[in-house]
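These notes are about the structure you will find just below.
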Amino acid sequence: YYAIIKFADTDGSELVEWTQSDAINQGEFTNHITAICQGTNLELWVNNVFLTSVTDDAFSSGNISLSATTFNSTEAEVSFDNLQISKAE
């Protein structure tokens, strides 16, 4: 599943609701995530597959957050590496 959630302080609001996608690998597999934040446009890609886009003009700059959950009581171990942030052209 994926979502785009905007946080102002500790208050979160879903810009894109949690949605299932077969493009997201489960288990002990790698996923390549691309988030494009350019102006008011936000896009999310996983494994070179476009998942969603949304427009939001609440912030002109900010921080990023990556998270993972299992949506149930089982544990999950997730690691993120090779994070690159670059200015959009």
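Table for the structure above
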{"item": "THR52 being polar (S, T, N, Q) and either part of a loop (DSSP other than H, G, I, E, B) or without any contact (Cβ under 8 Å) to a residue 24 or more places away in the chain (or both)", "result": "no"}
{"item": "Those residues of region 44-77 which are of a type in the set (A, V, I, L, M, F, W, C), within 16 Å of the chain's Cα centre (by Cα), farther than 18 Å from ASP22 by Cβ and open to solvent by 80 Å² or more (accessible area, probe 1.4 Å), in sequence order", "result": "ILE64, LEU66"}
{"item": "Region 78-89: number of residues that are within 24 Å of THR10 (Cα to Cα) and either open to solvent by 100 Å² or more (accessible area, probe 1.4 Å) or touching a Leu at 6+ places or on another chain (Cβ under 8 Å) (or both)", "result": "4"}
{"item": "Among residues of region 24-34, those that are aliphatic (A, V, I, L, M) and open to solvent by 70 Å² or more (accessible area, probe 1.4 Å), counted", "result": "1"}
{"item": "Residue match in region 7-23 (condition: in contact with a Cys (Cβ under 9 Å, 6 or more places away or on another chain), assigned to a loop (DSSP other than H, G, I, E, B) and open to solvent by 80 Å² or more (accessible area, probe 1.4 Å))", "result": "no"}
{"item": "Residue under evaluation ILE64, criteria (1) closer than 12 Å to ILE4 by Cβ; (2) modelled with pLDDT of 90 or more, criterion not met", "result": "(2)"}
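The values are calculated or read from the model by the stated rules, or taken from the named source; none is laboratory data. Since this is a predicted model, take the numbers as computed values, not measurements. Cβ atoms come from the backbone with ideal geometry, glycine included; neighbour counts cover every protein chain shown. Note: accessible area is taken over every heavy atom of the protein model, side chains too, but ligands, DNA and RNA are not part of it. Shrake-Rupley method; radii C 1.70, N 1.55, O 1.52, S 1.80 Å.
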